[in-house]
Structures are given as C-alpha cells and as structure tokens.
Amino acid sequence: MGEKYEESFWSNNKNPNSIRDEHIIHCLLLYVRFILRMRIGGQDALHIKHSNKIPSSCAYTKSITGSLSFPSLHPLFFLIHLQPSSLLIPHPFSLPNAVEFHHQHRLPPSTLFFKPCLPHDYTISSLLPQSLPKTLLVLMELNSGYRLPPAEIRDIVDAPPLPALSFSPQRDKILFLKRRSLPPLSELAKPEDKLAGVRIDGKSNTRSRMSFYTGIGIHDLRDDGTLGPEKLIHGFPDGSKLNFVTWSTDGRHLAFSIRQDQEEEDDVGSKLRVWVADVETGKAKPLFQSPDVFLNAIFDNYVWVNDSTLLVCTIPASRGKPPKKPLVPSGPKIQSNEQKTVVQVRTFQDLLKDEYDEDLFEYYATSQLLLVSLDGSVKLFGEPAVYTSLDPSPDQKYILLSSLHRPFSFTVPCGRFPKRIDLWSAADGKFLRTLCDLPVAEDIPIAFNSVRKGMRSLNWRADKPSTLYWVETQDGGDAKVEVSPRDIVYTQAAEGEDHPSIFHKLDLRYGGISWCDDSLALIYESWYKTRRVRTWLVSPGKSSNENPPAPRLLFDRSSEDVYSDPGSPMLRRTPDGTYVIAKFKKEDKQATYLLLNGNGATPEGNIPFLDLFDIDTGEKERIWHSDKEKYYESVVALMSDQKEGELQVNELKVLTSKESKTENTQYYIQRWPERKACQITRFPHPYPQLASLQKEMVRYERKDGVQLTATLYLPPGYDPTRDGPLPCLVWSYPGEFKNKEAAGQVRGSPNEFAILSGPTIPIIGEGKEEANDRYVEQLVASAEAAVEEVIRRGVAHPGKIAIGGHSYGAFMTANLLAHAPHLFSCGIARSGAYNRTLTPFGFQNEDRTLWEATDTYIKMSPFMSADKIKKPILLIHGEEDNNSGTLTMQSDRFFNALKGHGALSRLVVLPFESHGYSSRESIMHVLWETDRWLQKFCVSNSCEEKEDADETKATVASGGGAVAEIEDIGVDTLHYNTRSSL
C-alpha cells in the first residue's frame with residue numbers, strides 16, 4: 001500500500017511559490033498512506049487514480065490502493081518541512097504521536113509540527129487551494145465529522161418533547177414530568193462497564209445512558225375536568241437530573257432521585273440521592289439527613305412500604321474502591337462442559353468474561369437495604385446483597401426480597417443467574433424464610449415457551465392482604481416435551497407454614513393472572529407454535545371447597561386473529577395500592593359486568609372500544625368507541641375507582657386520548673351517562689410541519705391471495721394526476737404468521753399521529769410448515785405487491801423506489817436488494833444482522849438451530865448473497881449495539897463481503913450508539929446520510945446512468961463512510977448539496 005512513496009516524493013528543484021499546490025497534494029497522498037498504515041483492519045477497497053491529477057512537474061505518478069477513512073480533522077495538526085519542498089500534512093492525532101509519525105514516514109529532520117489557529121466555522125475547502133483535485137476534496141468533505149440534515153428535518157428533530165403524565169392515587173392531581181430534547185453525544189461517551197448483560201455507569205452507580213426528567217409540575221384536576229395552575233416541585237439544586245418519580249400510597253408525597261454531573265475526584269457529585277416532596281407545598285428535601293447515603297440503581301431502587309416509610313437500595317457505606325484489573329491474570333479463561341450438558345443460548349451480548357468481571361459486577365450491584373421514614377429515622381434491613389426486586393405485601397406486613405448470588409455465569413446474562421427469594425417482616429426487618437433458591441439457568445431450551453425450572457412469577461395476590469402465588473413447570477421447562485398439565489399455579493398464605501395449595505392447572509404455558517376477589521379471577525395461557533391463547537374464569541375463594549365451581553373457559557382464540565380480540569378488563573386501584581379487576585353494575589340489571597378495553601381491529605383499521613361484558617352470560621354491550629372518521633381515540637385509565645365496592649356504569653369516568661392526522665395527542669375526561677368529553681391538556685403541536693401531510697391506509701393483495709396493508713404518506717396538496725409520480729421510500733419490518741387470514745388482517749389506524757406503519761410483510765408457515773422455510777419467496781412477493789400498488793396509484797416512479805428498515809427490517813432490506821433488485825433503486829439498512837450462521841441457536845421467531853435447519857439459515861442470510869447485490873446499499877450500525885444477535889460485527893463483515901464483490905455500498909458506524917440511536921449528533925448524522933443517499937440514488941437515481949460509464953471511474957467504499965461512487969468529474973456535477981427528501 002504505497003510502499004514506494006518515498007522514491008519520488010521529494011522535489012528539490014522547484015521554486016516554493018510555484019510548487020505549493022503540488023506539495024499539498026503530496027501531503028494528502030502521504031496522509032492517505034498514513035491512514036492506511038495506522039488504521040487497524042483496513043481492507044483493500046480504494047482505487048483512486050491520481051496520475052491525471054498531479055501537476056506534470058511532480059515526479060510522483062503512481063496510484064495508491066488501500067482502505068481509506070478520513071476521520072475528523074478537528075483539531076488540525078500540520079507538518080511543515082522548512083525546505084523549498086515544504087510539507088503541509090493534516091494530522092488527526094495528538095501531538096505526542098508526531099514523533100512516531102515522523103519516524104515511521106522517514107521525514108526530513110527539519111520537519112516541524114504545529115497547531116494553527118483557525119476560525120470556528122472553518123471548512124476544509126477554505127484551507128485548501130483551488131487547484132486541489134476536487135475528487136479528494138469531496139472525499140474529505142463527506143467524511144469530516146458529524147453532519148446535519150436540511151433545516152426542515154433539523155427543526156423536527158429539535159422540537160421540544162411533550163411532558164409525561166402521572167396521575168395521583170386519588171386521581172385528583174396530575175404530574176407533568178418535564179423532559180429535555182436529545183442528549184449530546186458526550187453523555188453517551190462517558191465510561192461504562194458491560195457486565196452480565198447490563199451496562200453500568202460506575203460514577204453514578206446506575207444503568208448507563210438513562211434518560212431523565214428536568215422538572216416536575218403539579219396540577220389539580222378539578223371536578224369540572226379542567227386543570228388548576230401549575231405548581232413546581234422546588235428545593236433541589238438547579239440542573240438536577242430526576243428519575244424514579246413515585247407517589248406515596250396516600251398521594252401526599254413524591255419520592256424521586258436526583259443526580260448532578262459534577263466533576264469531583266471521588267465522583268460523589270454524580271451519585272444519586274433520594275429526595276421527597278410534599279405534594280401540597282411542592283417543597284422537596286433530601287430523604288436522608290446524611291449527605292453520604294447514595295442510591296444504588298443498578299436493579300430495583302426503592303419502594304414505598306407505607307405512607308411514610310421507604311425501603312431503599314443504597315451503596316454500602318463500607319464499600320471501597322472498585323476492584324482493579326490485574327496486569328497478569330491468575331490463569332487461563334476456562335469454560336467446561338465435562339458433564340455433557342446441552343446448553344443452547346441465543347447470541348447474548350455484554351456477558352461476564354472473567355473473574356475480574358465477576359468481582360466488578362458484584363461490586364456495583366451489591367446494595368445495603370435501609371428502611372427510612374419521612375422523619376429521617378433510618379434502620380438497616382438485612383445484609384448487603386445483589387437485590388433485584390423489593391415487593392411489599394398489600395397489607396404492608398411483609399416484604400419479598402429477590403437477590404442474585406454466585407456462582408455467576410459467562411454464558412447467560414444476569415437474569416438467569418442463581419436467584420433467591422426471601423420473605424421478611426416489614427415492621428422489624430426480621431428474616432422469616434427462603435421461598436426458593438434457584439440455580440443458574442443456562443440450560444433453558446431455545447424453543448419458544450421454554451422456561452426456567454422451579455418457582456417463577458412469584459408475587460402477591462392483589463386482592464388479599466398477604467397471600468403468595470407462583471407457577472411451576474411440569475415439563476422441565478422444555479416446550480418440546482408433551483405433558484399435561486404443563487404448568488401448575490400454587491397459592492400460599494405468607495404467615496402460614498402449611499403446604500401450598502394447587503390453584504389451577506394449565507395445558508398451555510402460563511401467561512398471568514388478573515385478580516378481582518374471592519369470586520373472580522382471570523387466568524391466561526398461550527402456546528406460540530399454534531398461536532393459541534385462552535382465558536379462564538375461576539373463583540379463587542372457593543378453590544378449597546369440596547365442590548368448587550369448575551373453571552370456565554371464557555375466551556379461546558388465536559393471538560394472530562386481532563379481529564377477535566375481546567379486549568382486556570379495566571383495573572381499579574385498591575386502598576392498598578394494588579390493582580384488581582373492576583366490577584360494574586347497571587341500575588336496571590342484577591348482572592355483574594366487566595369493562596373490556598380493546599384496540600378494536602377491523603378491516604377499516606383500529607377502532608378502540610369499551611364493552612360491558614356480562615360474566616355469567618357472555619353478552620356484550622358496546623358503550624363507547626372511537627370516532628373512526630376523524631380521530632383515533634383510546635381509553636387510557638379508569639378514573640372513577642376511588643369508591644369501594646362495585647362501581648356503577650352511570651357513574652363511570654375514564655381518561656381518553658385523542659389524536660388525528662393533523663391534531664396532536666390530547667387527553668380528555670369522559671363521564672357517564674352524559675358521555676361529554678372534557679379536554680384537560682392543550683399541548684402544542686410538536687411537529688407543525690407535518691400537520692398537513694396526506695395519510696391513507698391502503699389495501700392490496702399478494703399474488704398468493706394474502707391481503708396486505710400499508711400506510712401511505714404524501715406531500716400536502718399533492719395530486720398524482722396533476723403532479724405525476726414521486727420518489728418513494730418503503731420502510732418496513734417483517735412478521736411471522738401461522739395462517740393467511742390472520743396475516744391479512746388490518747393493524748393500525750388511518751388516524752394515528754406521526755406513526756409510519758410500513759407495508760405488512762407476513763412470512764407464513766401454515767400447519768407444520770415453518771414460516772422461514774419460504775422466507776425469501778414470501779418476502780419478495782410482499783415487496784412486489786407493495787411496489788405494484790404504489791405504481792398503480794400513480795404516486796411512485798417505478799425507477800425511484802427505495803427500501804429501508806431497522807434491525808430485522810435491515811435484514812429484510814438486504815435480502816430484497818439481493819433477491820428482488822428489479823424493485824428498488826437503493827436500500828438503507830440500520831443495525832441489522834446479515835449472517836445467520838453467527839446466530840446459530842435461533843433468531844427472531846426462529847427456534848430451530850443452524851444444524852437443524854441449515855438450508856434455511858443459509859438461504860435467509862443476505863451475507864451469503866452479497867455477490868447478487870448490485871443496487872446501492874447504505875449500512876448504519878451503532879458501535880456499541882447490545883441487542884441479541886445484531887453485533888456491530890454483522891455490518892462490518894457484510895460490508896466487507898459487499899466490497900469484495902464491488903458493490904456500491906457505504907458503512908456508517910456510530911460511536912457510542914447502541915441498537916437504537918439516541919444522541920443528537922448521531923440522529924442528525926443518520927438523517928443526513930439517509931437524505932443524501934435518497935437524493936443521490938432514489939430521487940436522482942444516478943446509479944442507473946452510471947452503470948454503463950467508463951470502467952476507469954473510481955469506486956470507493958469505506959468503513960469510515962467514504963463516497964460510495966465517484967466519477968472523474970467535477971464536484972458540482974456530483975449533486976452533494978442535499979435537499980430534504982423526507
């Protein structure tokens with residue numbers, strides 16, 4: 001790679017004034033060579049022909065071949081050689097590296113380094129002469145730091161977010177939790193430890209990358225449905241970051257944590273402290289009188305035990321400095337399976353790697369529990385441990401403490417570590433007994449519906465003072481084992497030493513319980529392979545009688561059949577702070593009703609509803625539904641649940657949300673029997689630029705008869721007859737189904753605000769057939785149907801349709817460019833996995849292993865079809881992706897495969913970003929990349945004109961994000977001044 005550069009680099013017979021531009025070109029070439037030699041893992045993909053660019057007076061006429069990545073040139077360092085052949089070399093590293101750079105490139109002794117003073121708004125082009133080759137200028141401009149999309153897009157991204165809402169237990173007050181806009185990249189760049197599937201901010205001793213609130217406003221909710229004036233919570237330091245806002249059971253106090261990013265030697269300023277606020281006055285104060293008590297928020301953090309007492313996870317006072325990684329390990333890293341145990345796990349990330357990681361995880365995750373009252377009194381509660389959940393009983397007498405303990409695992413994340421659940425007395429902090437101590441769960445089969453052995457879903461009955469319930473598998477946790485029953489639900493009183501009672505037996509997998517009272521509870525079970533879901537009605541208080549009522553099957557349906565979804569029962573809050581099923585009565589009827597809240601999927605879209613459901617006869621009466629013609633409305637919460645006993649339908653009060661194509665989400669109170677909606681919020685529209693977009697739900701059919709839907713967005717005032725077809729971006733995410741009818745059902749609503757529902761791409765496996773066995777065939781068929789529909793409508797130009805997606809949608813995008821290149825002009829694939837052999841123990845909804853379905857894994861992997869991808873593809877990936885299966889390596893290797901076959905491609909790796917992107921710099925840059933890609937390869941579709949161009953043109957592909965394709969022409973003809981295409 002440019003090893004013969006020195007043979008003709010120096011030119012000593014030229015006048016300095018006449019050769020300055022030539023030497024700048026020389027410097028750039030040397031800089032290219034420097035990058036080639038310093039960049040780790042570079043690939044042979046750059047071919048820039050310079051012989052016709054360097055002035056004839058220069059002896060150097062050779063080509064350079066290698067991988068090119070121009071990092072940001074801020075701050076610039078220059079090399080100056082004080083000879084007639086002076087050098088000007090941009091140096092992207094710190095000054096101490098200059099010695100190594102000088103020695104490595106054998107520069108003359110008189111070469112000097114300095115950092116020039118440049119204006120803040122400098123551009124690379126302003127520093128370089130006009131005679132500089134424009135191709136190199138384009139390369140540097142396109143790869144110099146973060147970029148911004150057009151102003152139209154920036155304004156949308158920077159729109160201030162709306163506050164989150166939280167209602168008081170008595171439903172008489174509302175919190176407005178203030179939020180900031182996107183975080184800066186500097187917050188993501190803070191050090192973090194990746195341990196046992198958890199990313200930890202060691203300075204704060206909490207999860208890294210946490211969002212936060214900037215303030216809390218309280219409004220009274222008046223009887224007429226209007227809001228009183230805002231009262232701000234005050235008393236804490238300015239600039240504090242607020243988290244974990246919770247109401248006390250009586251609604252008189254708030255607890256929350258604050259942290260401040262203060263640079264202190266001991267990191268004390270970044271630690272979290274617990275504060276409490278009086279709701280009436282708004283005055284906040286620290287919960288602990290001592291300033292040296294800090295919250296440990298790695299797992300659970302604190303919980304209200306009663307109206308005036310909290311149980312808090314704190315950093316142990318005796319904890320010292322973090323363990324230091326030994327310079328020399330005590331031995332090799334060893335994992336053994338000499339017992340021949342079958343262990344199949346998904347591709348988990350951020351796992352523990354060695355003993356040091358184990359010590360560090362235990363160091364950060366260990367908490368000392370403190371029982372603290374609002375008056376400041378503090379009591380130690382138990383010994384330090386890795387507590388993961390704190391659950392007081394409804395009567396406040398007991399507390400369930402869940403904790404993790406050694407031996408930890410290097411194979412699975414912390415959710416599968418050995419787990420113990422203990423029962424404690426809340427009043428005196430006395431240990432009562434251990435309910436279960438589960439071993440490490442490395443051997444959970446990968447088949448869907450496989451679970452952990454032993455007690456699981458252990459919790460308190462919401463309708464009883466202190467009764468426990470849990471479920472235990474009867475198939476060893478293996479979904480492939482045929483057995484009846486498959487799960488058994490048990491109950492037991494906390495204070496009793498008697499044996500647990502069998503509450504219910506299930507033939508499918510347990511899915512949860514909604515409690516009501518001794519006469520009513522609903523139990524849910526499901527089975528993924530058949531998509532079957534069942535709901536049982538049982539009488540909990542009568543299960544011990546000699547002749548208890550037999551459980552009654554209330555609903556038996558397919559989870560894919562959204563049209564048959566009856567909805568979920570509305571819950572009411574009890575005085576103890578738990579939530580149970582709300583029962584209703586009608587004045588003229590003796591029957592007992594449940595209030596079912598459903599999405600209301602229909603062929604016309606979602607029409608949310610409320611149904612009165614007679615639990616004896618099964619009859620339904622629809623008492624409310626959304627206005628499908630103009631709005632999308634949904635029921636958020638029951639607001640008339642303070643009254644004890646059965647509720648009256650004619651006194652019903654609910655909170656609803658309402659939005660439309662042009663109106664922002666607002667909240668309303670609706671009362672019965674008047675059914676009058678009173679608006680309680682008046683949030684400004686966050687994106688007024690999008691208010692007048694045309695939005696339509698379209699329906700079309702795949703060639704095998706499957707009905708498909710998509711949401712179509714069009715510019716304001718656009719008329720295809722008058723204005724002609726447009727460039728089109730298709731953004732989607734495939735889904736698996738067991739039958740065609742369910743796959744063709746309409747999901748979503750034509751009136752949802754700012755929601756882009758992509759075209760449905762169902763992958764169907766009917767009967768015993770697995771959906772992925774015909775993945776590519778069905779994927780292409782769905783894409784063809786979508787493209788044909790937008791072309792038929794006259795809204796899309798056939799040669800200007802782009803495809804894109806995130807995660808599994810990126811996987812889809814790459815496959816479509818490989819197997820249906822005739823449909824799309826280019827593609828955008830973000831954070832995808834492209835080689836399924838790197839996820840050998842299942843992915844997405846595939847639960848067969850690579851060795852059980854080798855052909856399927858290979859055919860589904862676009863990596864194996866990289867040689868077929870001829871259309872431009874933009875790959876984007878977070879450098880710190882923590883999602884199972886979508887390692888950043890997936891995009892790196894896929895890009896290398898594309899480069900190896902000369903594909904027009906570009907890879908953008910976002911520093912510090914995870915599976916989803918969160919910093920403002922990254923999101924803006926992703927939008928710039930997307931806008932530029934669409935303008936160049938969809939709007940202009942310049943790749944079509946270039947396919948037959950001269951073979952001497954340059955093809956450039958770079959992991960750092962180099963220009964995808966550059967011809968030997970001027971900058972102005974490359975159309976890099978992007979406009980908004982979104």
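The values are calculated or read from the model by the stated rules, or taken from the named source; none is laboratory data. Everything numeric here is computed off the predicted structure, so don't read it as measured data. FYI the Cβ positions are ideal-geometry reconstructions off the backbone, even for glycines, and counts take in every protein chain you see. With ligands, DNA and RNA removed, areas are computed over all heavy atoms of the protein, side chains included. Shrake-Rupley method; radii C 1.70, N 1.55, O 1.52, S 1.80 Å.
For segment 861-948, the carbon plus sulfur part of the accessible surface works out to 49%, probe radius 1.4 Å.
A Cβ-based charge dipole, computed about the Cα centre of segment 178-294 with Lys and Arg at +1 and Asp and Glu at -1, lands at about 320 debye. Amide H to amide H, with H built 1.01 Å from N, Leu435 comes under 5 Å of Ile421, Asp422, Leu423, counting only residues 5 or more places away or on other chains.
Full extension of the chain between Cys436 and Arg199 yields a length gain of 82.6 nm, computed as 0.36 nm times the residue separation minus the alpha carbon distance.
Got a number for carbon plus sulfur as a percent of segment 208-254's accessible area, 1.4 Å probe? Within segment 208-254, the accessible surface is 49 percent carbon and sulfur. Size descriptors for segment 153-283 (Cα atoms only): Rg and Dmax, in that order, 16.8, 54 Å. Between segment 802-835 and segment 292-332, the C-alpha centres lie 44 angstrom from each other.
Across segment 369-438, the fraction of Cα-Cα pairs farther apart than 16 Å, rounded to a whole number, is 53%. Placing a pseudo-label 7 Å from each Cα along the Cα-to-Cβ vector at Tyr356 and His685 gives an inter-label distance of 5.6 nm. With 0.36 nm allotted per residue and the present C-alpha distance subtracted, the Phe348-Ala427 stretch has 24.4 nm of extension available.
Is segment 204-276 rounded, prolate or oblate when judged by the Cα gyration tensor, a ≥ b ≥ c being the square roots of its eigenvalues, rounded requiring a/c under 1.5 and prolate requiring a/b larger than b/c? Prolate.
Computed over the alpha-carbon atoms, segment 799-838 gives an Rg to Rh ratio of 1.00, Rh here being the Kirkwood radius from the mean inverse distance. Residues of segment 462-485 falling in the label zone of Asp395, defined by backbone nitrogen less than 15 Å from a point 7 Å along Cα to beta-carbon, are 462-469. Close amide H partners of Val908, meaning residues 5 or more places away or on another chain with modelled amide H under 5 Å apart, are Leu875, Ile876, His877.
Using a probe of 1.4 Å on the protein chains alone, the accessible area found for Glu646 is around 80 Å². Legend: distances between Cα atoms for Lys241/Lys285; Lys589/Lys658; Lys379/Lys430; pairs beyond 21 Å are Lys589/Lys658. The modelled label-to-label distance between Arg675 and Thr411, using points 7 Å beyond Cα along the C-beta direction, is 5.9 nm.
If the segment from Ala493 to Lys643 were pulled out straight at 0.36 nm per residue, it would be longer than the present Cα-Cα gap by 51.3 nm. Kindly list the residues of segment 163-207 that lie in the label zone of Val157, defined by a backbone N under 12 Å from the point 7 Å along the Cα-to-C-beta vector. Under 12 Å, as judged by backbone N against the label point of Val157, lie 182-185 of segment 163-207.
Every pair of different Cα atoms in segment 457-511 enters the Kirkwood calculation, which places the hydrodynamic radius at 12.0 Å. Residues in segment 420-542 average 42 Å² of solvent-accessible surface per residue, probe 1.4 Å, ligands and nucleic acids excluded.
To the nearest 10, the accessible area of Leu726 is 40 Å² with a 1.4 Å probe. When you work out D = kT/(6 pi eta Rh) for segment 833-946 at 25 °C and 0.890 mPa s, using the Kirkwood radius from C-alpha pairs as Rh and the Stokes-Einstein form, the result is 158 µm²/s. Based on the alpha-carbon gyration tensor of segment 454-590 and its eigenvalue square roots a ≥ b ≥ c, which shape applies: rounded if a/c is under 1.5, prolate if not and a/b is larger than b/c, or oblate? Cα axes put segment 454-590 in the oblate bin. Note: relative contact order over segment 754-900, using C-alpha pairs below 8 Å and six or more positions apart, is 21 percent. Rolling a 1.4 Å probe over the protein heavy atoms gives segment 164-312 an accessible area of 42 Å² per residue.
With a 1.4 Å probe and all protein chains left in place, how much of the accessible area of segment 447-578 comes from carbon and sulfur atoms, in whole percent? Heavy-atom surface of segment 447-578 belonging to carbon and sulfur, 1.4 Å probe: 48 percent.
Taking all protein chains together and a 1.4 Å probe, the residues Arg456, Arg252 rank Arg252, Arg456 from largest to smallest accessible area. Computed from the Kirkwood radius of its Cα pairs, the Stokes-Einstein diffusion coefficient for segment 370-511 at 10 °C and 1.306 mPa s stands at 95 µm²/s.
If R0 equals 35 Å, the separation of the Cβ atoms of Val483 and Asp518 corresponds to a calculated FRET efficiency of about 0.70. Placing a pseudo-label 7 Å from each Cα along the Cα-to-Cβ vector at Glu619 and Glu777 gives an inter-label distance of 5.0 nm. The heavy atoms of Lys333 offer some 150 square angstrom of accessible surface to a 1.4 angstrom probe. Can you give the FRET efficiency to the nearest 0.05 for Gln170 and Glu338, using r as the Cβ-Cβ distance and R₀ = 56 Å? So the FRET efficiency works out to roughly 0.40. Within the set of other residues whose C-beta is less than 11 Å from the C-beta of Trp515, count the net charge using Lys and Arg as +1 and Asp and Glu as -1. Taking every Cβ under 11 Å from that of Trp515, the sum is -1.
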